[in-house]
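Here is the structure we will look at.
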Amino acid sequence: MKELLREVYFFKGLDDEQIGQVCGISMFSTYQPGKIIITEGAIDDKFYIIQSGGVEVYTKPFLEAEKQILATLGAGNFFGEVAAIFGRPRTAYIAATDQTYALEVDGTELKNLMRDNSSLGSLIMYGIAEELARRQETSNKRVKDLEIEKNTLAAKLHIAETKIPRKKRD
């Protein structure tokens, strides 16, 4: 369990005793294929570290029958940490794609540990801030790339429109 917890970015700086405390508020769970682990919009206090198996992260936009797959995660990946720690609504559905064995960490108990042990709390919050900054950089790059793609497509459309003769109206 300790090795699995050390896979999570915000637990990497914890010593053995601190990791042991986190083990005390964690338990393993098994999810069968198709089992929805997290429901978009729900508020709960658990996050998960996949030991084996895999999950699919997706959304179901309003009035659309098809789900939009955002990511697939496997062994060593984790999910739900920000919503669990900060009490935010879940931003996607997460369902097991095959039999999945995951460590479930109790976010409420983790917040209690962080409050009661300022060293542990500081290390975890620093790790979270570092990861959120990395995610923001990635998002900013993606937005910039999409803006370039949009401008390129708009220019191509403009060129195509100028080359196509228009029919005269009567």
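Counted residue by residue at 0.36 nm each, then reduced by the alpha carbon distance between them, the extension gain from E131 to S118 reaches 2.7 nm. Candidates G34, Y9, L113 compared by Cα position along the dipole of the chain: farthest toward the positive end lies G34, with charges placed on Cβ. Starting at 0 and stepping by 10 Å, how many percent of the alpha carbon pairs of the stretch 89-150 end up in each bin? Taking all Cα pairs of the stretch 89-150, the binned fractions are 17, 26, 34, 19, 4 percent.
In the structure shown, the pairs K60/K111; K2/K46; K35/K67 are assessed against 23 Å; a Cα-Cα span above that value is assigned to K60/K111.
Two decimals is fine: what's Rg over Rh for the chain, C-alpha atoms, Kirkwood radius as Rh? Walk me through the numbers on the way to the answer.
Details: Rg = 21.8 Å, Rh = 18.6 Å.
Computed over Cα atoms, the ratio is 1.17.
Axis angle, to the nearest 10 degrees, between helix 107-116 and the longest C-alpha principal axis of the chain: 60 degrees. Rounded to whole numbers, the Karplus 3J(HN,Hα) couplings from phi for the stretch 126-131 are 4, x, 5, 4, 4, 5 Hz, using 6.51 cos²θ - 1.76 cosθ + 1.60 with θ = phi - 60°, and x at Gly and Pro.
For K12, go through the aspartates and glutamates and keep the ones whose alpha-carbon is under 20 Å away, minus same-chain ones fewer than eight residues off. Candidates past the 8-residue exclusion: E3, E81, E104, D106, E109, D116, E130, E131. Here's the list of lysines a cross-link from K156 could span, going by alpha-carbon distance under 27 Å and ignoring same-chain residues fewer than 8 apart: K141, K144, K167, K168.
Count charges around G76 for me, please; just the other residues with Cβ under 12 Å from its Cβ, Lys/Arg as +1, Asp/Glu as -1.
Numbers: positive: R6; negative: E3, E7.
The answer is -1.
Under the simplified labelling scheme, the D44-I25 pair shows an inter-label distance of 1.7 nm, with each label point 7 Å from Cα along Cα→Cβ.
Which order, highest average first, do 32-38, 104-110, 4-10 follow once you tally other Cβ atoms within 10 Å for each residue and take the mean per peptide?
Working: 32-38: 14.4, 104-110: 19.4, 4-10: 17.9.
Ranked from most to least packed, the peptides come out as 104-110, 4-10, 32-38.
Rule-based calculations on the coordinates, nothing more; no lab input. Note that the structure is a prediction, hence the values are computed from the model and not measured. Please note: Cβ atoms are built from the backbone with ideal geometry, for glycine as well, and neighbour counts cover all protein chains shown.
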